[in-house]
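Notes to accompany the following structure.
Just so you know, all these numbers are worked out from the coordinates, no wet-lab data involved. None of the values given here were measured: they were computed from a predicted structure. So basically every Cβ, Gly included, is an ideal-geometry build from the backbone, and we count neighbours across all protein chains shown.
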Amino acid sequence: MHVRYSPLPQQFADVDEVFDELRALVASGDFTLGKVVDEFEHIFAKAAGTKYAIGVGSGTDSLKLALKAIGIGPGNEVLTNANTFFATAGAINEVGATPTFVDCDDTFCMDVNLLEDAITPRTKALMPVHLAGNVSNMPRIMEIANKHSLPVVEDGCQSLLGELNGTKVGSWGIATGFSMHPLKIINVWGDAGIVVTNDAEMDRKLRLLRNHGLRNRDEMEIFGYNSRLDSFQAVVGKWMLQQIHDLVDKRIEAAKYYDEGFRDMPGVRIPPIADGVKHVYLLYILFAENRDALLEHCLKNDIEAKIHYPIPLYQQEALKPLGIPPGTFPVTDGHSRDCITIPVDQHLSREEQDFVIDTVRDFYKGPGA
């Protein structure tokens, strides 16, 4: 049996409705910041539980523009997760600031017990990452941020509709960036992103920044960027948003099924989830003994397992100039060594999940352990 990682062929198997709207878009010529972008932003804001949503060119841009809007730039440091995707640090670097890191705990989110000690006079913002679909301890992060008068920009790219005690990702910080890359929960046909906020002035600044700083067609208020959400992608995004709650519910159901299968299995451990968290499972990750051999075993059995992430971000070549010694973030190092990502999505069948569970069980029973 083949268990694929990406659900895109199934997800977009029947898209006649999308093409009908795209044909209408082509006939209208409304290609740039058009009516459909405005419609999509309103629908997204409602789904995210925020007042405003601003469509931009990518998930990375959603973080970069939010940082730019709060005045982050050269000479500043932004504290973020030691374990995260490249784009988090990349967005900080793009505005001229320096990414600095806080180790994670086994939820894959920032260890809030380490946060306050990492703040220095150069720290000008916090960017907690809701990794894998989990949710950071935002009440504690906001408490620390308020104590030190630091703005918070959430990286919600992997956790759309994630919640903590009924409060959705995107509701704590001054702004939150989301990605609509094809492997995210709401995905389009290429790169796209969106920023949400409840602050009217933040909304105004972000709309300027994404469109060259233009107040209108003829007046440029500030220097900005070319980072508009394409009308084409907004059409796809609208279609996807119609399915968002059912899609997330099915991911959660699939993860619970895995939990039952793996809970008492020797060799693997299910990551903890804090009380009150609604984990939306962009990724399903296990801690695994002899992880590399297990990965090879899965791939040989045609299961497209992956590792998130095999090289800790702070040890990547691009970040070597920061001079962070190996071993500085031991939990992150352990995650890069011990974690394996198992395919999970709304289209995965129970037969496929049983095959994955049985394949992992067979590995730990056999000579590869």
What is the chain by shape, rounded, prolate or oblate, if you read a ≥ b ≥ c off the alpha carbon gyration tensor as root eigenvalues and call it rounded for a/c under 1.5, prolate for a/b larger than b/c, and oblate otherwise?
oblate
Please compute the contact order of the chain in relative form: average sequence separation of alpha-carbon pairs under 8 Å and at least six residues apart, divided by the residue count, as a percent.
21
Radius of gyration and maximum dimension Dmax of the range 175-303, Cα, Å
20.7, 66
Residue by residue through the range 189-197, the couplings from Karplus 6.51 cos²θ - 1.76 cosθ + 1.60 with θ = phi - 60°, in Hz, x for Gly and Pro, are 9, x, 8, 6, x, 7, 10, 10, 7
Sequence order, the range 134-149: Karplus ³J(HN,Hα) from phi using 6.51 cos²θ - 1.76 cosθ + 1.60, θ = phi - 60°, Hz rounded, Gly and Pro as x, gives 7, 10, 5, 6, 5, x, 5, 4, 5, 4, 5, 4, 5, 4, 9, 6
At 0.692 mPa s and 37 °C, plugging the Kirkwood radius over alpha-carbon pairs of the range 27-171 into Stokes-Einstein gives what diffusion coefficient in µm²/s?
206
Considering only the other residues whose Cβ falls under 14 Å of the Cβ of Lys168, what net charge follows from Lys and Arg at +1 and Asp and Glu at -1?
+1
For the range 244-365, alpha-carbon Rg relative to the globular expectation (2.2 N^0.38 Å, N residues)
1.16
When the Cα centres of the range 23-92 and the range 320-369 are compared, how far apart do they sit, in Å?
30
Per DSSP, loop GluC sites (Glu not before Pro) in the range 67-162 with at most 13 further Cβ within 10 Å
none
Take Thr328, Thr98, Thr50 and order them by how many other Cβ atoms sit within 10 Å, fewest up front.
Thr328, Thr98, Thr50
With a Förster radius of 22 Å, plug the Cβ-Cβ distance of Ala200 and Asp30 into 1/(1 + (r/R0)^6) and report the FRET value to the nearest 0.05.
0.25
Taking neighbour counts of Cβ atoms within 10 Å as a proxy for exposure, in what order, fewest first, do Met110, Met127, Met240, Met220 appear?
Met220, Met240, Met127, Met110
Counting only helical runs of four or more DSSP H residues, what would the 222 nm mean residue ellipticity of the chain come to if each run contributes -39,500 (n - 2.57) and the total is spread over all its residues?
-11500 deg cm²/dmol
For the chain, modelled as a Gaussian network with Cα springs under 10 Å, which listed residue fluctuates most, Leu206, Leu322, Leu295?
Leu322
Pick from Pro121, Pro330, Pro74: which is most flexible by mean-square fluctuation in a GNM of the chain where alpha carbon atoms under 10 Å apart are linked?
Pro121
Give me the one-decimal nm value for the distance between modelled label points at Val331 and Val18, 7 Å along each residue's Cα-to-Cβ direction.
3.7
Candidates Ala89, Ala66, Ala45: whichever shows maximal mean-square fluctuation once the chain is modelled as a Gaussian network with Cα springs under 10 Å:
Ala45
List the lysines whose Cα lies under 18 Å from the Cα of Lys300, skipping any in the same chain that are fewer than 8 positions away.
Lys365
Bins of 10 Å, starting at 0 and running to the largest distance - Cα pair percent for the range 93-241
10, 34, 36, 17, 2, 0
So, over other residues within a Cβ distance under 13 Å of Leu348, counting Lys, Arg +1 and Asp, Glu -1, the net charge is -1
Using Cβ contacts closer than 10 Å as the measure, can you line up Ser227, Ser6 from fewest to most?
Ser6, Ser227
